[in-house]
Amino acid sequence: MSEAVSPVVDAAHAEPFTGEGDYRAAVERIREAASAYYEGTDLAMDDATYDALIARVTVTESAQPGWAVADSPAQVVAAGGGVVGDVEHSTPMLSLANVFDADELRAWAARLDRVLGHPARGYTVEPKIDGMAIAARYVDGALVQVATRGDGRAGEDVTAQSRAVAGLPGALARPVTVEVRGEVFMTDDDFARANELRTAHGGQPFANPRNAAAGTLRAQDRAYEAPLSFLAYAVHDLPGGEGLTHAGAMAAVAELGVATTAGSPTGMPLCSTVDELLTAIAALGAARGGLGFAIDGAVIKADDPADRDAAGSSSRAPRWAIAHKFPADTRTSKLLTIEVQVGRTGVITPVAVLEPVQVGGVVVTSATLHNFDDLVRRDVRVGDTVFVRRAGEVIPEITGAKLDERADDAEPFTPPAVCPRCGGDIDRSQKRWRCVQGRACGAVESLAYFTARDSMDIEGLGDKVIRALVAADLVTDPADLYDLDVETLEKLERLGRTSATKLVAAIDGSRTQPMSRVLTGLGVRMTGRSMSRRLARHFGTMEVLLAATVEQLQEVEAVGPERAATIHAELVELSPVIAKLTERGINMAEPGVTPYEERAAATEAPAGERLPLVKEDGKPMSVVVTGSVPGLTRNEGNEAVERLGGKSSGSVSKRTDLVVVGEGAGSKAAKAEELGVPVMPSDRFAALLAAHDAGDQPSWPDFQG
Ligand code: IVH
């Protein structure tokens, strides 16, 4: 259900339900989907299914008026109660075109001058707020209707939810009839508090303030407080407003008691040249981190009404306004501590541990301080309020400290005198400090992780043997293990010929472990066993994973921009050792997974190698688990689906291949039945999993009831 679309209730072609039970079940499903939509959490139903159900409920109610439930969702839509975009806007709510740098801004201004036939008579600069556009209609000074932007022509009615929005009064200072447009958003503080309350009520936290604002504005009844704010950036039909400049019109709106971007801490400077615009935009960018709410750019508007009229608009955006997007988001947070990390190759870096802060749409808790020279030069101290910057996919960084907020007793940071991992000397000849041991520093820990039970599971290769191997300089990275022979090993203290022979066999045997275990063993930061499995299943081979871009990594469930950037950087760093492992014949593919690049053209996988939940064409089955599976948590149930080669999904549609139904299953089971999707009882699913884990090659039809 996209925000923009009005419901297509094609009642003329819809089939009425034949039983009252089916009708009631459909009403329930609509209600569930609508509330998930308003909560902004889960898109439980696609638009088409939703519209088709509404249509069937509508025709059923006219055929069987006696069945109709009170507050039927079909009646609500028909009566204009505001389920999806049904408030038509007085004039279209347009979007804005974007520029990203000074040259593009100059080109825009030059084009505007050309259209006008003279230089524009002044511009305004105001913040571009990252929230949700609304139009608020006041009649005789009373707030009567608030609608979202929707598709620009019609939006959702959110009047009831807008009653307590800060900056959008229920009554104006004077009894005027006017339409105010602007952005509803959530401040950073309100966002943090709303998420606390939301999770305390058993909900999922909102991903960012924008989603929080949109979700809250749509939610009809909330069990928790989630304050919203508003800043106006436009006004329509202002009595006596004809001929006012933008600055003048916004001042008039402010006089009526409505909060405006011009009245926000950023103000709305007036400029007459592009150079002045660039200075004002830079000042807005510098103030950005301290505003307490998210902005993603500056909006530049021609100030003069005659210029606006002459420039006009395209169907999408006005020609008299432009958004100058900011390149990177900078916020402030408290520096809790500075950790000194030693990388796999012995590089020593200072890492900032921060109070969680939302930057560029993600919550950041740690950021790089680059190197010790940089840290000393910027004089960043523990306890400081620091600027945290995140540009696109890049790992967040600390760009400096807010010196005017520094505590008197803040101590300058003392860089380490010795390697914090092995206590050895530090090579300071380069900007990037390094432990003189290089890769050998920390080799024991990383080798132990590689050989561990959940990784390559090499029996007999415990800490003691690893320590002896490293001390004897026989091994510095995991690939070196595969070069060991019995003759070399038996010379090691405490290791006789029999143990040495067994150990070589165990090492050799680990060559066929699945790729997910190799990946686990390599200890890629921000991944563990289950993330390694997910990555292996998604990309199929190490070669494809290594070639994946940061965006492609984000295709994997639970991999956001920060994690994707870290995984990418880690894989680059690990690629030499991965190449060494490949040369030594270690398996670099995940069994049962169709190679990523072949998946589109999916060829049939050889029989017998297929996992039970992989379709004949090699694609994963889309599986929904509803209700409980014996012995598994909800998450483990989903993991099991993936282990069996399927793709777990949260909602049932025509594209679902299988629904696993356990105790406590709700409407998803009914939906599966209605759509004719195959259903498997959860105890049979548990049996299928057990058979698979025991090394059998089960196929799910054998397990169907
Ligand atoms: S003016 C006809 N001013 O940006 C001009 N828009 O990308 C309409 N926005 O849908 C927009 N802050 O939701 C304007 N100060 C500002 C804004 C602003 C945020 C949003 C608005 C619009 C979107 C376009």
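The values are calculated or read from the model by the stated rules, or taken from the named source; none is laboratory data. Bear in mind the structure is a predicted one, so any value in this text is a computation, not a measurement. Quick reminder, even Gly has a Cβ in these numbers, built from the backbone with ideal geometry, and neighbours come from all protein chains shown. With ligands, DNA and RNA removed, areas are computed over all heavy atoms of the protein, side chains included. Shrake-Rupley method; radii C 1.70, N 1.55, O 1.52, S 1.80 Å.
Quickly rank 228-235, 239-246 as a protection proxy: mean count of other C-beta atoms within 10 Å, highest first. Display every interim value, and only then the final one.
Numbers: 228-235: 23.0, 239-246: 14.4.
Final packing ranking: 228-235, 239-246.
Mind checking the full-extension length gain between L270 and A110? Use 0.36 nm per residue of separation minus the Cα-Cα distance, one decimal, nm.
Residue separation times 0.36 nm, minus the Cα-Cα distance, leaves 55.8 nm.
Could you let me know the centre-to-centre spacing of region 437-466 and region 327-382, using Cα atoms, in angstrom?
Rounded to whole Å, the Cα centres lie 29 Å apart.
Where the eigenvalues come from the Cα gyration tensor of region 152-261, what are the semi-axes √(5λ) of the equivalent ellipsoid, largest first, in whole Å? Let's see the in-between values first.
Working: eigenvalues 186, 34, 29 Å².
In descending order the semi-axes read 31, 13, 12 Å.
Label points 7 Å out from Cα along the Cβ direction at A97 and T549: separation in nm?
Reported label-point gap for A97 and T549 is 2.5 nm.
Using just the helices of the chain, give the 222 nm mean residue ellipticity in deg cm²/dmol: DSSP H runs with n ≥ 4 each add -39,500 (n - 2.57), and the total is spread over all residues, rounded to 500.
Values: 23 runs with 242 residues, N = 705.
The per-residue figure over the chain is -10000 deg cm²/dmol.
Assuming R0 = 35 Å, can you tell me the calculated FRET efficiency for the pair D309 and A166, based on Cβ-Cβ distance, to the nearest 0.05? Numbers along the way, then the final one.
Working: r = 33 Å, r/R0 = 0.95.
Step by step, r from the Cβ atoms, then E = 0.55.
Give the accessible surface of region 325-444 per residue, rounded to a whole number of Å², with probe radius 1.4 Å and ligands, DNA and RNA excluded.
Numbers: 5830 Å² over 120 residues.
Ligands and nucleic acids excluded, the result is 49 Å² per residue.
Based on the mean of other beta carbon atoms within 10 Å per residue, what is the order of 578-590, 621-633, most packed first? Mind showing how you got there, number by number?
Values: 578-590: 17.5, 621-633: 19.7.
Output ranking for 578-590, 621-633: 621-633, 578-590.
If contacts are Cα pairs under 8 angstrom and at least 6 residues apart, what is the relative contact order of the chain in percent?
On the way: 1333 pairs, mean separation 57.5, N = 705.
Relative contact order here is 8 percent.
Output needed for the chain: three equivalent-ellipsoid semi-axes, defined as square roots of 5 times the C-alpha gyration tensor eigenvalues, in descending order, whole Å.
52, 40, 20
Give me the one-decimal Kirkwood hydrodynamic radius in Å for region 452-607, with the sum taken over alpha-carbon pairs.
On the way: mean 1/r = 0.0596 Å⁻¹.
Here the Kirkwood hydrodynamic radius works out to 16.8 Å.
Would you mind getting the accessible area per residue of region 189-277, heavy atoms of the protein chains only, 1.4 Å probe, in Å²?
46
Check cross-link reach from K502 to the lysines: straight Cα distance under 18 Å, and skip same-chain residues fewer than eight apart.
In chain and number order, the partners are K464, K491.
If each residue of separation counts as 0.36 nm, what is the full-extension length gain between A448 and A287 once their alpha-carbon separation is subtracted? Walk me through the numbers before you get to the answer.
Values: separation 161, 0.36 × 161 = 57.96 nm, distance 4.84 nm.
Extending this stretch completely gives an extra 53.1 nm.
Which length gain, in nm to one decimal place, applies between H236 and A506 when the Cα-Cα distance is subtracted from 0.36 nm times their residue separation? All intermediate terms of the calculation are to be shown ahead of the outcome.
Values: separation 270, 0.36 × 270 = 97.20 nm, distance 7.70 nm.
Here the segment from H236 to A506 would lengthen by 89.5 nm.
Mind giving me the nanometre distance, one decimal, between the label points for V351 and K491, set 7 Å out from Cα along Cα→Cβ?
With each label placed 7 Å out from Cα toward Cβ, I get 3.8 nm.
What does the convex hull of the Cα atoms come to per residue for region 429-527, in Å³?
Working: hull volume 10.2 nm³, N = 99.
Cα convex hull per residue, to the nearest whole number: 103 Å³.
Would you kindly find the accessible area of F185, with a 1.4 Å probe and non-protein molecules such as ligands, DNA and RNA excluded, rounding to the nearest 10 Å²?
10
Given K615/K647; K619/K647; K325/K402; K128/K325; K301/K402; K619/K654, which pairs have Cα atoms separated by over 20 Å? Display every interim value, and only then the final one.
Numbers: K615/K647 11 Å; K619/K647 9 Å; K325/K402 24 Å; K128/K325 8 Å; K301/K402 32 Å; K619/K654 16 Å.
Flagged as over cut-off: K325/K402; K301/K402.
Using the basic label-point model (7 angstrom from Cα toward the beta carbon), what is the V436 to Q341 distance in nanometres?
It works out to 2.6 nm between the two label points.
How large a share of the accessible area of the chain, in percent, is made up of carbon and sulfur atoms when the probe is 1.4 Å and the other protein chains stay in place? Before the final figure, lay out the partial values.
Values: 16400 of 32540 Å².
Accessible surface attributable to carbon and sulfur in the chain totals 50 percent.
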